[in-house]
Each structure stands twice: as C-alpha cells, then as structure tokens.
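The values are calculated or read from the model by the stated rules, or taken from the named source; none is laboratory data. Just so you know, these numbers come straight off a predicted model, no measurement behind them. Every residue, glycine among them, receives a Cβ derived from its backbone with ideal geometry; neighbour counts consider all protein chains shown. Only protein heavy atoms, including side chains, enter the accessible area calculation; ligands, DNA and RNA are left aside. Shrake-Rupley method; radii C 1.70, N 1.55, O 1.52, S 1.80 Å.
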Amino acid sequence: MQNSKNFFIEKLLFLVFLFFISFAQATINSYEVYYYNDPSSTLSLKDIENKEFEKINKNFSLGYKKGNSWLKIKFYNNQASNKFFVELNEFFYDKVTFYEQVFGTWLEKNYQLNKKLSYRDIPTVNPVFSFSANKNSNKIFYIKFKSKYSHFGKMNIYPRNYYLLGLKNYDYLHLFTIISLLIAFIISTIIYSRQKEKIYIYYMLYTLFLAIYIFKMSSFIVYLNLQEYIYQFHFITGIAVGFFILFSKEILEIKKYLKKIAIIIDISAILMFLISFMILIEYNPWNILLNTLITFIFLLLLFISFYTYKKGNTNSKYYFLVVFLYFIAAILFTLMLAGILEYNILTRYGYLFIITLEIVAFTLLLINKYNKVHPKEKLFS
C-alpha cells in the first residue's frame, strides 16, 4: 500500500512538472488586447473600427455574454521573424473570425468548433490563425467570437516556427484526472461486486459520470470529433453531482444522525437529475440554475459533515476536508466564469487538482471500509 502511495505522489509531481514546463513555449508579449461586446451580433468590421474598446488583460474573463465579443489586438513586431500565429487557448468557442489587413484590404479567416480537426487550416484544437507583420512595425487586427459558455481564455502570440501542434499542458492535466477517476471507478466496481452496498454503486456512478464531464471539458472531445455535442454533454454535470449527493448521504450516515435532513438530501439529488435532463432541452437558463443549486448543496453537505463528525462519524472529518477544498476551487472557477476573478492557472484548473485529491481520499476510505468488514480478504493490503 505504501509503495502505491509513493507511486501516486511521484506521478502527481511529474504531472505538475510537465504542466509548468510546457509554458516554456516561446510566447510574445509585445502586444495589447482591447475588448468590445456586440450583444445584437449585427455589427460589421467597418462598424467595429469606429467603436471605443476597453483595454483588458491577455488573460481575460469576461463573464457570460450575449452576441459577439470582439478583441482588438495592437501588436508591435520586435522579433526576428515576420510570421506569427495568434491563438485563443480555449477550444469551445462556437465560431471565431480573424481579421487581418493586407495591402489595405481586410482578409477574413474562420474557425468553427464543429469543423473536424483534419479539415481545419491549422490542424489544432484551439482557434489559431497565421498572420504577418513587418519587423519593427505596428499592426492592428481583430478577432470576433461567440459561445454559450462564459467568454474567457488567454491570448497567445507565437513566432510561427515556435508554435507546437498537438497536446498542450492542460491536456495532460485533464488526462491525469480522467485516468484517476477511471481507476477509482474500477476499484469501486470490484468492491461492489463483492459487497452489494449502495454506497459503492453511488461512488461507481459518480466517478464514471465525473470522468465523462472532465472529458467533455477537455480538448479530447475534439480529437474524437464529438465537439458538436459539447452542450448536450453538459447534462452530465447534474448526473455526477446527483450521485455524489447520494454517496455523501451514505458515507456521512445522514439517515442515522439527521433523519429529516435525509429527505432534503434525496430531494436535492432528484432535482439534480431533473435539471440535467432540462439542459438537454435548453442549455440556458438551466445551466445557471444548476450551478447555483450545486453551490447551496455543497454548503449544506459541509455543515452536515461537520455535524456528523461531532456526533462520532470519523469519516466525516476527511470528507469535510476534501469537499471544503473542492468547494473553494469550484467557487474560484465559478467566479472566473462570471467575470469576477481573473483567468489563471488556479481559477481555471485548480479544481482538477482537488478532484484528484478528493478521489484518492474517498477511494482509500471505501477500501478501508471494505477491509474492516472483510479482514481476511483485504483489498490492496
């Protein structure tokens, strides 16, 4: 057991190393980004040129916006090269249009989420466009994009020879989280096959649907050409949380300590399932309602875990710790989506690290629970 723990820690540290070292890709900083929102989606490039833009960070979190978002980039070429790539580092934008002026004429290039990877001008997951700029000169270009998701991401510019195709740093993090969840799913399946208790099947389904959700949020959905279903896949969120609520009810022994609250917990899980299927019909406003309800449910579970720990449930203290950390990470992510916090590694990807920690903790608790009941046939002893 000790060897497996050491192996996990070594892999986690190696992942963190890969995650940060991948930022060594040679980005350029000699540019400024400005923003304008067109909620009507009716303004043309000619109209936009006369609008007053707001200066924003290259890491931007604009919140949920109607219509088109426009970025105006003022670029100064102080590089040895005159050929570049500009990238929006999030793949989920429904449509992105790039405008570059060449010899007095505005040229237009397009990115569409539903377009297969092999059919794109540049075969990469994120919206990427090539452009040219004379050395030691200024250049202005525009990017227009829209999405049902919150408008957030990072603007990157690279010399063309330094741009790396293929998997990015955050892809490895998503992959590691998915693998961790699938391992937990397999372990809980083995335990459930030996001891038919509800807690194991709830955990099985929670880890399975959470793995599907992480897959949906990652670029792997594009590599498998399933990106046209990205909004439909979002119903998985409520399903995963619904099974997590039922799992929490069992591990915290809510029915034993708080019989009346147990009914509220059951109703909360049912609401999660119902709202999830409403998202299949219409993404918004059900998605916003789902996120709001999840926040209140996690707060309730935190209070319940503290109470049940005081009443003698030793598992509750571990539950409280990991769920509290996950709640903080989820709040940071939610505030970033709302445009309140800046887009960065912590607000964008922090919850993935905490999910991995949570899964390890809960899986060890379940293994320990099984081993206590079956001391002669222990798992992973």
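Against the condition under 29 Å from Y231 (Cβ atoms), free of Cβ contacts under 8 Å to residues at least 60 places away in the same chain and open to solvent by less than 60 Å² (accessible area, probe 1.4 Å), how does F273 come out, does it pass?
Considered against the rule, which asks whether it is under 29 Å from Y231 (Cβ atoms), free of Cβ contacts under 8 Å to residues at least 60 places away in the same chain and open to solvent by less than 60 Å² (accessible area, probe 1.4 Å), F273 comes out as yes.
Report every pair of residues separated by at least 6 positions or lying on different chains whose Cβ atoms are under 9 Å apart, first residue within the stretch 317-345 and of a type in the set (F, W, Y), second modelled with pLDDT under 90.
Pairs that qualify, where the first residue is of a type in the set (F, W, Y) and the partner is modelled with pLDDT under 90, are F327/T295.
When you look at E282, is it under 21 Å from the mean Cα position of the chain (by Cα), among the charged types (D, E, K, R) and open to solvent by 40 Å² or more (accessible area, probe 1.4 Å), yes or no?
yes
Taking into account only those residues within the stretch 61-84 that are of a type in the set (D, E, K, R) and not in a strand (DSSP E or B), which is nearest to the chain's Cα centre (by Cα)?
Per the stated criteria, the residue is K65.
Out of L321, L335, I need the residue that is closer than 22 Å to I265 by Cβ and either open to solvent by 20 Å² or more (accessible area, probe 1.4 Å) or not aliphatic (A, V, I, L, M) (or both). Which one?
Result: L321 is the single residue among L321, L335 that is closer than 22 Å to I265 by Cβ and either open to solvent by 20 Å² or more (accessible area, probe 1.4 Å) or not aliphatic (A, V, I, L, M) (or both).
Within the stretch 352-363, does at least one residue satisfy the condition of being closer than 21 Å to E250 by Cα, out of contact with any Gly (no Cβ under 6 Å at 6 or more places or on another chain), assigned to a helix (DSSP H, G or I) and open to solvent by 40 Å² or more (accessible area, probe 1.4 Å)?
yes
Report, ordered by the first and then the second residue, all pairs with beta carbons closer than 9 Å, sequence separation of six or more or different chains, a first member in the stretch 125-138 that is farther than 14 Å from I73 by Cα and modelled with pLDDT of 90 or more, and a second member that is small (G, A, S) and surrounded by 12 or more Cβ atoms within 10 Å (Cβ to Cβ).
Listed by first residue and then by second, the contacts come to V125/S219; N126/G153; N126/S219; K135/S81.
Do you know which residues across the stretch 123-137 are assigned to a loop (DSSP other than H, G, I, E, B) and of a type in the set (G, A, S)?
Scanning the stretch 123-137 gives A133, S137.
I need the full set of residues from the stretch 290-316 which are open to solvent by 80 Å² or more (accessible area, probe 1.4 Å) and in contact (Cβ under 8 Å) with a residue 12 or more places away in the chain, in order please.
F306, Y307, K311
Suppose we keep only residues that are under 16 Å from L226 (Cα atoms) and part of a loop (DSSP other than H, G, I, E, B) within the stretch 106-122. Which one would you say is least open to solvent (accessible area, probe 1.4 Å)?
L113
Can K51 be described as more than 14 Å from N29 (Cα to Cα), free of Cβ contacts under 8 Å to residues at least 12 places away in the same chain and either open to solvent by less than 50 Å² (accessible area, probe 1.4 Å) or not hydroxyl-bearing (S, T, Y) (or both)?
So K51 fails the test.
Looking at the stretch 175-192, can you tell me whether even one residue there is more than 30 Å from V373 (Cα to Cα), open to solvent by 10 Å² or more (accessible area, probe 1.4 Å) and of a type in the set (S, T, N, Q)?
Taking every residue of the stretch 175-192 in turn, none turns out to be more than 30 Å from V373 (Cα to Cα), open to solvent by 10 Å² or more (accessible area, probe 1.4 Å) and of a type in the set (S, T, N, Q).
Within the stretch 60-84, work out how many residues are surrounded by 19 or more Cβ atoms within 10 Å (Cβ to Cβ), in contact with a helix residue (DSSP H, G or I) (Cβ under 9 Å, 6 or more places away or on another chain) and farther than 24 Å from S41 by Cβ.
1
For the stretch 138-168, which residues satisfy the criterion of being more than 24 Å from the chain's Cα centre (by Cα) and assigned to a strand (DSSP E or B)?
N138, K139, I140, F141, Y142, Y158, P159
Across the stretch 106-121, what is the total count of residues that are of a type in the set (A, V, I, L, M) and without any contact (Cβ under 8 Å) to a residue 40 or more places away in the chain?
1
Taking the residues in the stretch 85-105 that are in contact (Cβ under 8 Å) with a residue 24 or more places away in the chain and in a loop (DSSP other than H, G, I, E, B) as candidates, determine which candidate is most open to solvent (accessible area, probe 1.4 Å).
D94
Out of all the residues in the stretch 203-213, is one or more free of Cβ contacts under 8 Å to residues at least 12 places away in the same chain and not aromatic (F, W, Y)?
Scanning the stretch 203-213, I find no residue that is free of Cβ contacts under 8 Å to residues at least 12 places away in the same chain and not aromatic (F, W, Y), so the answer is no.
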